[in-house]
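What follows is a single structure, written as structure tokens, with notes after it.
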Amino acid sequence: MRIIVGITGASGAIYGIRMLEALNDAGFEVHLILSSWAEKTIAIETDYKIEEIRSLATRVYSASNQAAIISSGSFNTDGMIIAPCSMKSLAAISQGYADNLISRAADVVLKERRKLVLIPRETPLNAIHLENMLRLSQLGATILPPIPAFYNHPKTVTDIVNHTVSRTLDQFGIDNSLTKRWLQRETGG
């Protein structure tokens with residue numbers, strides 16, 4: 001598989017990093033776009049070094065490189081994940097405002113009818129956020145907020161992050177064991 005991963009400056013950079021680790025472990029070809037704010041957020045929120053994160057991708061692009069191969073529909077991919085997806089990026093994608101490589105690559109994925117999964121990070125959501133998410137959902141994108149599940153009894157933040165990463169990989173049909181799956185339980189009723 002060939003997947004594009006975009007990491008924006010929204011809080012929750014660990015979702016994108018963990019996604020890269022999982023895709024790298026699975027041996028996929030990963031094309032990474034880091035926004036300048038993503039690099040700042042990574043430094044604030046994690047102990048990861050930018051070069052360490054870059055090393056998890058097959059190719060890395062500057063968000064200002066609109067001439068990158070992934071900005072063309074003629075470059076075949078299996079889709080794109082934006083984790084985390086800022087509301088600014090979500091709005092740009094929703095409106096077709098391809099002002100950087102993250103929003104351009106997402107625009108290409110949509111126009112080519114490929115899989116686009118957005119992990120939006122914002123709370124509370126206002127009507128503009130919700131309208132942009134609805135618009136993108138109607139255009140074929142999957143909106144996958146990083147909402148933890150508790151049926152799997154998470155013990156650590158990593159467990160919570162892995163659940164979202166697992167659910168995202170499921171969207172691409174990528175088998176994984178990052179989280180405990182739901183098992184039917186008798187409730188006695």
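The values are calculated or read from the model by the stated rules, or taken from the named source; none is laboratory data. Everything quoted here is computed from the prediction, not taken from an experiment. In this analysis, Cβ positions are derived from the backbone assuming ideal geometry, glycine residues included, and neighbour counts consider all displayed protein chains.
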Review point. What residue, of Thr77, Thr123, is at negative phi, exposed (fewer than 14 other Cβ atoms within 10 Å of the Cβ) and part of a loop (DSSP other than H, G, I, E, B)?
Key: Thr123
Practice item. Among what's in region 168-181 and is at pLDDT below 95 and of a type in the set (Ser, Thr, Tyr), pick the residue that is surrounded by the fewest Cβ atoms within 10 Å (Cβ to Cβ). Key: Ser177
Practice item. Considering every residue within region 152-167, establish whether at least one is of a type outside the set (Val, Ile, Thr), assigned to a loop (DSSP other than H, G, I, E, B), out of contact with any His (no Cβ under 6 Å at 6 or more places or on another chain) and surrounded by 11 or more Cβ atoms within 10 Å (Cβ to Cβ). Key: yes
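One line per residue, one yes/no per condition, for (1) under 22 Å from Ser137 (Cα atoms); (2) under 15 Å from the mean Cα position of the chain (by Cα):
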| residue | (1), (2) |
| --- | --- |
| Tyr15 | yes, yes |
| Ala22 | no, yes |
| Ser35 | no, yes |
| Gln66 | no, no |
| Ser71 | yes, no |
| Phe75 | no, no |
| Asp99 | yes, no |
| Leu110 | yes, yes |
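Please enumerate the residues belonging to region 88-119 that are touching a residue at least 40 places away in the same chain (Cβ under 8 Å), out of contact with any strand residue (DSSP E or B) (no Cβ under 7 Å at 6 or more places or on another chain) and not hydroxyl-bearing (Ser, Thr, Tyr). Quick ask: steps written out before the conclusion?
If we filter region 88-119 for residues that are touching a residue at least 40 places away in the same chain (Cβ under 8 Å), which is where we start, we get 88-91, 93-94, 100-102, 105-106, 109, 115, 117, 119.
Now drop any that are not out of contact with any strand residue (DSSP E or B) (no Cβ under 7 Å at 6 or more places or on another chain), which leaves 88, 91, 93-94, 100.
Lys88, Ala91, Ile93, Asn100, listed by residue number.
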**Study point:** Single unsatisfied condition, Ile102 versus (1) outside any loop (DSSP other than H, G, I, E, B); (2) over 15 Å from Ile3 (Cα atoms); (3) hydrophobic (A, V, I, L, M, F, W, C)
**Key:** (2)
Exercise for review: Consider only pairs whose beta carbons are under 9 Å apart and that are at least six residues apart or on different chains; among these, list those whose first residue lies in region 124-142 and is within 25 Å of Val108 (Cβ to Cβ) and whose second residue is surrounded by 12 or more Cβ atoms within 10 Å (Cβ to Cβ) and modelled with pLDDT under 95.
Suggested key: His129/Glu122
Exercise for review: Of all residues in region 102-137, count the ones that are touching a Pro at 6+ places or on another chain (Cβ under 6 Å) and of a type in the set (Lys, Arg).
Suggested key: 1
Practice item. Please name all residue pairs, on different chains or six or more residues apart, with Cβ atoms under 8 Å, provided the first residue is in region 158-179 and is more than 19 Å from Asp78 (Cα to Cα) and of a type in the set (D, E, K, R) and the second residue is modelled with pLDDT under 95 and in a loop (DSSP other than H, G, I, E, B). Key: Asp159/Asn152; Asp159/Thr179
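Going by what's in this entry, would Ile69 be described as free of Cβ contacts under 8 Å to residues at least 40 places away in the same chain, β-branched (Val, Ile, Thr) and within 21 Å of Leu110 (Cβ to Cβ)?
Values: free of Cβ contacts under 8 Å to residues at least 40 places away in the same chain: yes; β-branched (Val, Ile, Thr): yes; within 21 Å of Leu110 (Cβ to Cβ): yes.
When the stated conditions are applied, Ile69 passes them.
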Revision key, fill the gap. The one condition Ile33 fails out of (1) part of a loop (DSSP other than H, G, I, E, B); (2) under 15 Å from Asp99 (Cα atoms); (3) touching a residue at least 12 places away in the same chain (Cβ under 8 Å) is (1)
Review point. Does region 118-139 hold any residues that are more than 25 Å from Ser166 (Cα to Cα) and β-branched (Val, Ile, Thr), and which are they?
Key: Ile128
**Study point:** Filtered residue count, region 133-151, keeping only those that are touching a helix residue (DSSP H, G or I) at 6+ places or on another chain (Cβ under 9 Å) and part of a loop (DSSP other than H, G, I, E, B)
**Key:** 9
